[in-house]
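A.B. asks: Let me give you the structure first, and then I'll get to my questions.
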Amino acid sequence: MIIEDIKYQVEQFSNFDNVRLVFSTSDENGIIYCKEGKIAHAVFGAKKDLDAFKELNETEGSVSIEVNIGEPPPVVSLDKTFNEIMKLIGAAEAEEPEDYVQSFPSTDYDAGRDENISQVDTKAITSIGENLANIPGVEGVLVVNSSGGKVIYSKGIEDIGFDSADTIFLYEHGKNLGNIIDFKNLKSLLCEAHDYKKIIMNDNNIIYSLKISSAVQPLKTQMEAVKLLESGSK
């Protein structure tokens, strides 16, 4: 359902202060603004806010969604979580069913580590990041934790806010695919589309994202990066 696709995207970026989702169905266009994890304002065709969500909840088909980070809402007319909105419009079962939670986990990062994030060995992570950046064909390196996408290290990244969101998005989708094909722990994945090449690696819930030149063989670079990360983490 369209409403489920939109909800998934909202939850993926819930840790960012200001997020704008621009989406299109076969018949209508819409915009949803999120602020500090809550829905601030929504428009779908001629409908606004709760009426927009009522319409979305009844709409079937496919949806195209574009996410923009750092776009503040023009007005805060809702200020409610997604589940609160679903309850208000009378949608059945606002809470996710158990299999949904298992298929789309928000993170498997140990929450206890958030309390000690300042104790993360940033010196070692920086050293690994510098070494990864020196691999031929690597144009940029970003390191974030998988809980909220907090940036630990970056080099050669122009838009850190967008890239951190993109990294977490790809990591979560990779985990979802891993669940489907029964991979227990996602270690690395390669994302490639035309000139877009990115390697995502997971080391104890610290996520390394490598932007790769279109002129190199990405699989070779991925193997070299994984080997370097494994040796650097010992």
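A.B. asks: Against the condition part of a strand (DSSP E or B), of a type in the set (D, E) and at pLDDT below 90, how does E66 come out, does it pass?
C.D. replies: yes
A.B. asks: Please work out which one of (1) in contact with an Asp or Glu (Cβ under 9 Å, 6 or more places away or on another chain); (2) among the hydroxyl-bearing types (S, T, Y); (3) at pLDDT 85 or above is the condition T81 fails and give its number.
C.D. replies: Only one criterion is unmet by T81, namely (1).
A.B. asks: Go through the residues of the range 142-162 one by one and say whether even a single one is in contact with a Phe, Trp or Tyr (Cβ under 8 Å, 6 or more places away or on another chain), modelled with pLDDT of 85 or more and among the polar types (S, T, N, Q).
C.D. replies: no
A.B. asks: If I ask for residues that are closer than 20 Å to P136 by Cβ, at pLDDT below 80, of a type in the set (D, E, K, R) and not in a loop (DSSP other than H, G, I, E, B), which ones from the range 163-209 would you list?
C.D. replies: The one that is closer than 20 Å to P136 by Cβ, at pLDDT below 80, of a type in the set (D, E, K, R) and not in a loop (DSSP other than H, G, I, E, B): E192.
A.B. asks: Follow-up. Among the residues of the range 210-234, which ones are touching a Gly at 6+ places or on another chain (Cβ under 6 Å), at pLDDT 85 or above and not in a strand (DSSP E or B)?
C.D. replies: Across the range 210-234, the qualifying residues are S213, T221.
A.B. asks: Okay, next question. For the range 46-63, what are the residues that are in a loop (DSSP other than H, G, I, E, B), free of Cβ contacts under 8 Å to residues at least 60 places away in the same chain and either crowded, with 17+ Cβ neighbours inside 10 Å or hydroxyl-bearing (S, T, Y) (or both)?
C.D. replies: Hit for the range 46-63 is T59, nothing else.
A.B. asks: I'd like the full set of residues that are of a type in the set (V, I, T) and surrounded by fewer than 20 Cβ atoms within 10 Å (Cβ to Cβ), limited to the range 188-226.
C.D. replies: Within the range 188-226, V216, V226 qualify.
A.B. asks: Which numbered condition trips up C34, out of (1) under 21 Å from V151 (Cβ atoms); (2) surrounded by fewer than 16 Cβ atoms within 10 Å (Cβ to Cβ)?
C.D. replies: With (1) under 21 Å from V151 (Cβ atoms); (2) surrounded by fewer than 16 Cβ atoms within 10 Å (Cβ to Cβ) applied to C34, the lone miss is (2).
A.B. asks: Considering each residue of the range 111-141, count those that are surrounded by 15 or more Cβ atoms within 10 Å (Cβ to Cβ) and either modelled with pLDDT of 85 or more or touching a Leu at 6+ places or on another chain (Cβ under 7 Å) (or both), and give that number.
C.D. replies: Qualifying residue count, the range 111-141: 12.
A.B. asks: Could you grab the pairs with beta carbons closer than 6 Å, sequence gap of 6+ or different chains, first residue in the range 160-174 and of a type outside the set (G, A, S), second one part of a helix (DSSP H, G or I) and surrounded by fewer than 21 Cβ atoms within 10 Å (Cβ to Cβ)?
C.D. replies: Cβ pairs passing all conditions: F169/Q12.
A.B. asks: Suppose the filter is of a type in the set (V, I, T) and assigned to a helix (DSSP H, G or I); does V43 pass it?
C.D. replies: In short, no.
The values are calculated or read from the model by the stated rules, or taken from the named source; none is laboratory data. Since this is a predicted model, take the numbers as computed values, not measurements. No Cβ is skipped: glycine too gets one built from the backbone with ideal geometry, and neighbour counts run over all protein chains shown.
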